[in-house]
1. Specify the residue that is surrounded by the fewest Cβ atoms within 10 Å (Cβ to Cβ); the eligible residues are those in the stretch 20-62 that are among the polar types (S, T, N, Q) and modelled with pLDDT of 95 or more.
2. Is there any pair linking a residue in the stretch 84-100 that is closer than 19 Å to I15 by Cβ to one that is among the hydroxyl-bearing types (S, T, Y) and surrounded by 12 or more Cβ atoms within 10 Å (Cβ to Cβ), with Cβ under 7 Å and at least six apart or on different chains, and which?
3. Going by what's in this entry, would L103 be described as more than 23 Å from Q24 (Cβ to Cβ), of a type outside the set (D, E) and surrounded by fewer than 16 Cβ atoms within 10 Å (Cβ to Cβ)?
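The values are calculated or read from the model by the stated rules, or taken from the named source; none is laboratory data. If you're wondering where the values come from, they're calculated on a predicted model, not measured in any experiment. Neighbour counts are summed over all protein chains in view; Cβ atoms, including those assigned to glycine, are modelled from backbone coordinates with ideal geometry.
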Amino acid sequence: MSDPIIYAALLLSVICSSASQIFQKLAALQTDGTKSFMLANPYVLLSFLSLGVALLLWLVVLSVMPVSQAYPMLSLSYIVVMLLARWLFKEQISLQHWLGAGLIMLGISCLMGGN
């Protein structure tokens, strides 16, 4: 497979994994204090579906890319989830979190720059 396709699969895997976390938050916001809500909650089912798609895409990526190169890219999900939480849930993001996100991007740049 060509590099653009693999990188697209990797990015889509990160997006699906991040979406799963957002669906889990949405499910948790609907909780009524019992466990019975979980399987009937559409957000839980969407979370499972998103994680499943992320896993399949991750397997495609790992079939052609070294894990030492691919795995650091998964940390992008921290940034994606942080931004989605800010946008969807109006969560406050501290300066410390912004700095951490910057360090994640710097780390990914360093790790990917040599490949």
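1. Q21
2. That search, which allows pairs on different chains as well, returns L84/S18.
3. When the stated conditions are applied, L103 passes them.
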